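All of the numbers you see were taken from the coordinates with simple rules; none came from a lab. Quick caveat, the model's predicted, so the values are computed rather than measured. Backbone-built Cβ (ideal geometry, glycine too); neighbour counts: all protein chains shown.
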Amino acid sequence: MVNPWLAMASGTDPAERTRDVRRAHEAFLAEGAVSPAVRPVVAESWRRSADARVTQECKAPIDLTDDALDAYRADHPLARVMPLFRELLGTIAYDGAHLLAVCDEQGRLLWVEGHAGVRNRAEGMNFVAGARWDERHAGTNAPGTALTVDHAVQIFATEHFNRSVQPWTCAAAPLHDPHTGRLLGAVDITGGDHLAAPHSLALVQATARAAEAQLGAEAPRSRGPRISLTALGRDEALLVVDGRRLRLGRRHSEIMVLLAGHPEGLSGDRLTLELYGPRADDRSPVTLRAELSRLRRLVGPLLGSRPYRLCAPVRTDLADAAEALASGDAYTALRAYTGPLLPLSEAPGVCRMRQVLEDGLRRAVLSHGDPELLRRWAQTPWGEDDLEVAEALLTALPAHAPGRAAPAARVRRLRELYGLPGSLPHVDGAHHEGSGHQVDGAHHADGPHHEGGAHHEGGAHQGVARQSGAHQGVAHHGSDLQHGGGPRHGAVRQGGGHRDATSAQRGRA
């Protein structure tokens with residue numbers, strides 16, 4: 001089986017491959033269709049780049065310079081493994097044909113090293129320290145794509161979305177904090193076509209693993225243990241204490257999430273209410289004390305009492321996503337959001353935290369209006385049946401944008417599913433023919449305004465419906481949409497839990 005992350009199979013003629021992919025790239029720009037000759041990882045990246053409106057001759061913007069760059073990278077965790085990168089990749093970087101580059105999790109290049117002549121050529125496309133090389137700003141490229149898909153990848157010549165980058169070939173691998181699993185950045189080697197050979201991908205992967213091992217072996221910088229809790233997209237949370245991984249049961253996962261979300265602590269009565277809600281009875285406090293006793297045997301002094309609380313700082317992926325959202329960084333928030341919080345949990349407190357984050361993130365994606373964000377949300381199990389997002393994506397794309405056919409088909413399918421008129425929104429006016437409905441709900445010519453962008457037509461609620469395929473019976477819209485007296489779409493809550501979690505979310509270690 002051919003490795004999908006390698007640019008070329010063994011024995012492929014690079015010149016012929018360059019021509020084939022160039023023709024496919026030109027056809028994609030003209031027609032929006034991707035030839036089967038293009039690897040899926042590249043095809044998806046081209047679509048994301050087109051959605052982000054990356055131009056063909058653009059230069060990556062420079063975010064950091066001079067003292068700001070020096071201060072930022074000196075404090076970055078990857079600064080501690082730069083000597084290792086230079087040791088493992090230094091010979092390649094200074095042989096006159098390659099560059100060694102290291103970026104942060106946002107795609108900002110922190111170090112670009114190698115022969116002065118190669119660096120001078122790379123400066124022509126702003127491949128320099130401080131520049132932003134994520135896909136949204138630079139199109140398809142190895143470090144940017146590796147960060148997006150969280151996997152090592154090669155990008156060969158004309159596979160780059162930006163024509164000015166197509167003379168180059170690169171291979172990159174993402175790096176993670178071994179204590180928390182958080183994405184730290186990527187390590188990359190950039191050079192000529194010969195880098196499309198399998199050894200370059202294996203080399204950056206091995207270098208990334210060696211760097212992670214070194215970071216994992218270091219003593220924590222802060223006093224006390226390093227503790228993280230991962231619960232997004234998982235039915236059973238993962239607790240990591242100084243590198244020791246502990247997979248929690250479902251009830252223990254709920255307790256840890258609730259206590260992490262309430263650092264001030266919770267009384268026994270309040271914790272009972274957050275866990276059991278109206279189902280609580282006389283036996284619930286006894287059951288809770290037994291669960292807490294078992295949890296204390298697992299986590300030791302981390303669990304305190306009177307009130308019940310966590311006795312050391314615990315970093316959660318929920319907090320990472322929420323903080324990025326609060327700061328207005330929807331891109332980082334969406335990257336951190338790997339799925340609903342404990343999707344099978346019916347604990348009222350967990351359901352509330354889950355809904356607050358998801359609704360806030362969805363609102364940010366819609367209000368931002370960026371095609372890349374909208375497409376990423378629409379491609380998730382929890383967003384694939386979200387008509388409002390699908391229509392917003394279609395509206396955000398120019399009429400002849402590559403890749404517009406798939407969102408248009410999705411809108412037609414969802415409108416038919418929800419029993420709504422089948423017309424599509426205009427590209428720039430965002431107006432639905434025959435309904436007088438504007439995508440953002442700002443205008444309703446046919447009837448009174450209703451929250452959630454719906455209006456009455458013939459006695460039935462018409463408008464934007466949202467029904468998540470990953471959330472059985474969970475409401476995700478500002479109004480209860482019912483058509484012709486039929487079943488509601490996306491408006492029925494059952495037990496507060498996300499019952500139909502995807503298999504990818506279930507039981508991830």
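Quick notes on this structure:
- Were the residues from A408 through A290 laid out at 0.36 nm apart, the gain over their Cα-Cα distance would be 37.1 nm.
- Reduced Cα scattering model of the range 227-318, Debye log10 I(q)/I(0), q = 0.12, 0.13, 0.20, 0.26 Å⁻¹: -0.33, -0.39, -0.95, -1.56
- Converting phi to 3J(HN,Hα) with the Karplus coefficients 6.51, -1.76 and 1.60 and the offset θ = phi - 60°, the range 342-353 yields 6, x, 8, 5, 10, 4, x, x, 5, 4, 5, 4 Hz in sequence order, with x at every glycine or proline.
- Note on A202 and E416: the model spin-label points, each 7 Å out from Cα along the C-beta direction, lie 4.9 nm apart.
- Packing-based ranking, highest mean first, of 82-92, 98-108, 66-76 given that Cβ atoms within 10 Å are counted: 98-108, 82-92, 66-76
- Sites R297 and R53 - FRET efficiency at Förster radius 60 Å, r taken between beta-carbons, to 0.05: 0.65
- Amide H contacts under 5 Å for N141, placed H, 5+ residues apart: none
- Between A319 and E16, the distance separating the two model label sites (each 7 Å from Cα on the Cα→Cβ line) works out to 5.6 nm.
- Using a Förster distance of 25 Å, the FRET efficiency for R245-D269 (Cβ separation, nearest 0.05): 0.15
- Near W133: Cβ cut-off under 13 Å, other residues only, Lys/Arg at +1 and Asp/Glu at -1. The net charge is -2.
- Multiplying the residue separation of H151 and E218 by 0.36 nm and removing their Cα-Cα distance gives an extension gain of 21.7 nm.
- For L184, distant residues with modelled amide H under 5 Å away: L175, H176, D177
- Fully extended contour minus Cα-Cα distance, from A9 to A71, at 0.36 nm per residue: 18.1 nm
- Comparing Cα centroids, the range 137-200 and the range 281-340 end up 35 angstrom apart.
- From the largest down, the range 105-225 spans 49, 29, 28 angstrom on the principal axes of its Cα atoms.
- Span per principal axis, largest first, for the Cα atoms of the range 14-217 (Å): 49, 36, 32
- A simple packing score, the average count of other Cβ atoms within 10 Å per residue, orders the peptides 235-248, 36-49 as 36-49, 235-248, with the highest score first.
- Using the Cβ-Cβ distance between R363 and R119 with R0 set to 30 Å, the FRET efficiency from 1/(1 + (r/R0)^6) comes to roughly 0.10.
- For the peptides 184-197, 139-152, the ranking by mean Cβ contacts within 10 Å, running from highest to lowest, is 139-152, 184-197.
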